[in-house]
Amino acid sequence: MAELPCAPTPTLTAIYADYEARQGDGFRDHLGASIIGKSCARALWYDFRWVTPARYSGRLLRLFETGQLEEDRLVRNLRATGATVLEVDPETGRQFRVEAHGGHFGGSLDGVALGLLEAPKTWHVLEFKTHGVKSFNELTAKGVVLAKPQHAAQMQIYMHLTGITRALYVAVCKDTDALHIERIEADRAMAERLLEKAGRIIFAQHTPTRISEDPAWFECRFCDHHGACHEGGGAAVTCRSCLHATPVGALPEEVDTGSSSGSAISNNEGGWHCARHDRMLTALEQRAACIRHLFIPDLVPGEVIDAGDDVVTYRMADGSTWANDARTTEAAPC
Ligand code: SF4
Ligand code: SF4
């Protein structure tokens with residue numbers, strides 16, 4: 001029998017291209033609860049400030065979709081045990097959502113469940129994840145808190161902001177379809193530390209310190225922001241990288257810590273303010289930026305040697321000077 005050709009074929013290329021064409025601009029409006037457990041605060045700040053758009057291959061995007069498709073089956077599996085599973089908030093018809101820090105921080109729950117065999121009278125936050133076999137084996141050996149602290153952090157935030165005291169973590173091994181199920185208790189102190197961390201990142205005017213000064217450090221090698229962080233420059237031109245833009249919203253100590261109803265908690269009075277034009281900015285405007293854009297100095301690999309209206313001058317590492325000059329263009333449309 002003739003061997004099947006090794007990819008790529010035109011059809012395979014077209015399938016992956018379709019995923020890539022639909023992946024959006026790679027910027028997320030808020031800092032996600034799903035990533036707050038990341039170990040590098042600088043990477044989180046770069047995410048929030050849209051320094052480097054997230055770009056994924058078609059193959060990877062399809063893999064993410066596989067994880068989403070698995071969720072329906074897991075809901076069916078849980079219901080088959082007699083549990084009541086709500087994937088959406090009955091009041092809104094949308095996913096349960098939690099927010100804090102003026103809406104700059106938040107996330108969406110996979111669902112909530114009541115009637116689980118382990119604790120039938122207790123509502124649980126549901127978190128579904130798929131794993132490769134190596135990751136799955138580590139998870140079953142160590143448990144989610146040690147093996148996947150980012151997932152544990154996400155569940156702590158969801159519990160804290162919904163007022164639900166338990167979470168059910170359901171993991172699937174992509175290689176064998178084996179399941180791992182684990183219950184997590186709410187840890188108020190941990191959730192508050194994570195909320196405080198989110199606030200520090202959101203409202204920081206400067207880049208937090210690196211997790212490592214070594215560009216070859218393993219977390220750095222896989223980081224989307226490697227170039228901007230270790231080489232400097234190259235930040236995307238959006239309002240999020242402009243020195244005139246400030247996120248406004250509730251300060252950490254003003255965060256609503258939730259109720260016991262399990263409904264979404266909203267604390268989204270925030271937004272982004274432009275000091276140059278003295279007005280709030282829509283998400284679309286933030287993406288477009290305007291011709292008065294000036295980089296946050298921490299995003300330029302140089303030392304500020306002069307600053308005036310609409311211009312900041314830097315001495316670069318090689319001794320040259322560079323003027324980030326917004327005066328040479330017409331007034332901004334906004
Ligand atoms: S490259 Fe490393 S230090 Fe820089 S943001 Fe990424 S993980 Fe953090
Ligand atoms: S509107 Fe222009 S000046 Fe204002 S924050 Fe955005 S890019 Fe900067």
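Could you check THR176 against (1) farther than 17 Å from SER34 by Cβ; (2) surrounded by 17 or more Cβ atoms within 10 Å (Cβ to Cβ); (3) of a type in the set (Ser, Thr, Tyr) and say which number it fails?
Checking THR176 against (1) farther than 17 Å from SER34 by Cβ; (2) surrounded by 17 or more Cβ atoms within 10 Å (Cβ to Cβ); (3) of a type in the set (Ser, Thr, Tyr), the one that fails is (2).
Just the residues that are of a type in the set (Val, Ile, Thr) and part of a helix (DSSP H, G or I), please, taken from segment 152-187.
ILE157, THR162
From ASP25, ASP72, which residue is surrounded by fewer than 14 Cβ atoms within 10 Å (Cβ to Cβ), charged (D, E, K, R) and touching a residue at least 60 places away in the same chain (Cβ under 8 Å)?
So the residue among ASP25, ASP72 that is surrounded by fewer than 14 Cβ atoms within 10 Å (Cβ to Cβ), charged (D, E, K, R) and touching a residue at least 60 places away in the same chain (Cβ under 8 Å) is ASP25.
Would you check if there is a residue in segment 48-57 being surrounded by fewer than 17 Cβ atoms within 10 Å (Cβ to Cβ), closer than 20 Å to LEU284 by Cα and of a type in the set (Lys, Arg)?
Checked segment 48-57: at least one residue is surrounded by fewer than 17 Cβ atoms within 10 Å (Cβ to Cβ), closer than 20 Å to LEU284 by Cα and of a type in the set (Lys, Arg).
Can you pull out the residues in segment 157-168 that are within 19 Å of LEU194 (Cα to Cα) and buried (at least 21 other Cβ atoms within 10 Å of the Cβ)?
Within segment 157-168, ILE157, TYR158, MET159, HIS160, LEU161, THR162, ILE164, ALA167 qualify.
What are the residues in segment 179-197 that are in contact with a strand residue (DSSP E or B) (Cβ under 8 Å, 6 or more places away or on another chain) and either surrounded by 15 or more Cβ atoms within 10 Å (Cβ to Cβ) or of a type in the set (Ser, Thr, Tyr) (or both), if any?
Initial filter on segment 179-197 (in contact with a strand residue (DSSP E or B) (Cβ under 8 Å, 6 or more places away or on another chain)): 179-186, 195.
Listed by number, the residues that qualify are HIS180, GLU182, ILE184, ALA186, LEU195.
Which ones in segment 206-245 are within 16 Å of ligand 2 (Cβ to nearest atom) and either without any contact (Cβ under 8 Å) to a residue 24 or more places away in the chain or within 19 Å of the chain's Cα centre (by Cα) (or both)?
Passing the criteria: ALA235, ALA236, THR238, CYS239, ARG240, SER241.
Among the helices (runs of 4 or more DSSP H) lying completely within segment 3-102, list those that include at least 2 residues that are more than 16 Å from ligand 2 (Cβ to nearest atom) and out of contact with any helix residue (DSSP H, G or I) (no Cβ under 8 Å at 6 or more places or on another chain). Give the steps one after another, and end with the answer.
Numbers: elements: 10-21, 41-48, 58-80.
Output list reads 10-21, 58-80.
Looking at (1) within 14 Å of ligand 1 (Cβ to nearest atom); (2) at pLDDT 95 or above; (3) surrounded by fewer than 17 Cβ atoms within 10 Å (Cβ to Cβ); (4) of a type outside the set (Asp, Glu), find the lone condition where THR207 falls short.
Of the numbered conditions (1) within 14 Å of ligand 1 (Cβ to nearest atom); (2) at pLDDT 95 or above; (3) surrounded by fewer than 17 Cβ atoms within 10 Å (Cβ to Cβ); (4) of a type outside the set (Asp, Glu), the odd one out for THR207 is (3).
If only one of VAL98, VAL88 is of a type in the set (Val, Ile, Thr) and surrounded by 19 or more Cβ atoms within 10 Å (Cβ to Cβ), which one is it?
Result: VAL98 is the single residue among VAL98, VAL88 that is of a type in the set (Val, Ile, Thr) and surrounded by 19 or more Cβ atoms within 10 Å (Cβ to Cβ).
One line per residue, one yes/no per condition, for (1) among the hydroxyl-bearing types (Ser, Thr, Tyr); (2) farther than 18 Å from THR66 by Cα:
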{"site": "TRP123", "(1), (2)": "no, yes"}
{"site": "GLY132", "(1), (2)": "no, no"}
{"site": "GLU138", "(1), (2)": "no, yes"}
{"site": "MET159", "(1), (2)": "no, yes"}
{"site": "THR165", "(1), (2)": "yes, yes"}
{"site": "ILE184", "(1), (2)": "no, yes"}
{"site": "LEU194", "(1), (2)": "no, yes"}
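Before we move on, is HIS273 modelled with pLDDT of 95 or more and farther than 22 Å from CYS229 by Cβ?
In short, yes.
Given the criteria farther than 23 Å from LEU117 by Cβ, of a type outside the set (Phe, Trp, Tyr) and part of a loop (DSSP other than H, G, I, E, B), does GLU196 qualify?
In short, no.
Identify all residues within segment 210-222 that are part of a loop (DSSP other than H, G, I, E, B) and surrounded by 14 or more Cβ atoms within 10 Å (Cβ to Cβ); write none if there are none.
Within segment 210-222, ARG210, ILE211, SER212, PRO215, TRP217 qualify.
Among the residues of segment 118-134, which ones are outside any strand (DSSP E or B) and farther than 14 Å from GLU182 by Cβ?
PRO120, LYS121, THR122, TRP123, GLY132, VAL133, LYS134
The values are calculated or read from the model by the stated rules, or taken from the named source; none is laboratory data. Model, not experiment: these values are computed from the prediction. Cβ atoms come from the backbone with ideal geometry, glycine included; neighbour counts cover every protein chain shown.
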